[in-house]
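Structure record follows, encoded as structure tokens.
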Amino acid sequence: MPISIKAMKNTSTGIRAVQRYGAMYRWRVDAVRFTSLTGQDPTPPFIARLNEHKSGCVNSVNFRTIEDAGDDLCRFLKDMTGVSFDYQ
């Protein structure tokens with residue numbers, strides 16, 4: 001069973017870590033958000049990706065739809081943890 005990243009409240013997109021940027025969407029994950037999304041401490045692959053960014057966040061490219069951003073975030077989290085994620 002995949003872990004859900006659907007937001008129940010306090011987000012404009014309904015998916016935790018996915019944010020609206022004008023007419024586009026993207027996700028942002030820092031170490032604290034990684035833990036809250038996955039329920040685990042940052043993994044070595046995530047730490048390596050995080051160290052590539054001076055901002056302290058891993059940011060996605062822009063997506064035209066919330067669904068595309070959510071799908072990409074789920075793929076990213078699976079790559080970083082080996083666990084399946086879903087937002088539906």
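The values are calculated or read from the model by the stated rules, or taken from the named source; none is laboratory data. Predicted model, so just to flag it, every value in this text is computed and none were measured. Glycine also receives a Cβ, built like all others from the backbone with ideal geometry; neighbour counts cover every protein chain displayed. These area figures cover heavy atoms from the full protein model, side chains too; ligands, DNA and RNA do not enter into them. Shrake-Rupley method; radii C 1.70, N 1.55, O 1.52, S 1.80 Å.
For the reader, a short list of remarks on this structure follows.
- Carbon + sulfur, % of accessible area of segment 49-88 - ligands and nucleic acids excluded, 1.4 Å: 43 percent
- The average projected area of segment 34-81, computed from the convex hull of its Cα atoms over all directions, is 3.5 nm².
- Whole-number percent relative contact order across the chain, with pairs defined as alpha carbons under 8 Å at least 6 apart: 36 percent
- If you run the Gaussian network model on the chain, springs between alpha carbon atoms under 10 Å, then out of SER60, SER12, SER36 the most flexible one is SER12.
- Max mean-square fluctuation residue, GNM over the chain, Cα-Cα springs under 10 Å, options GLY14, GLY56, GLY39: GLY39
- Selected from GLN19, VAL29, PRO45, residue furthest toward positive end of dipole (segment 1-45; charges at beta carbon): GLN19
- Just so you know, the averaged projected area of the alpha carbon convex hull for segment 1-66 sits at 5.3 nm².
- Within a straight-line Cα-Cα reach of under 19 Å, LYS9 can be paired with the following aspartates and glutamates, leaving aside sequence neighbours fewer than 8 residues apart in one chain: GLU67, ASP86.
- Under the combined filter of DSSP loop state and at most 15 neighbouring Cβ atoms within 10 Å, segment 11-54 retains these trypsin sites (Lys or Arg not before Pro): LYS54.
- Probing with 1.4 Å while keeping every protein chain in the model, the per residue accessible area of segment 1-52 equals 63 Å².
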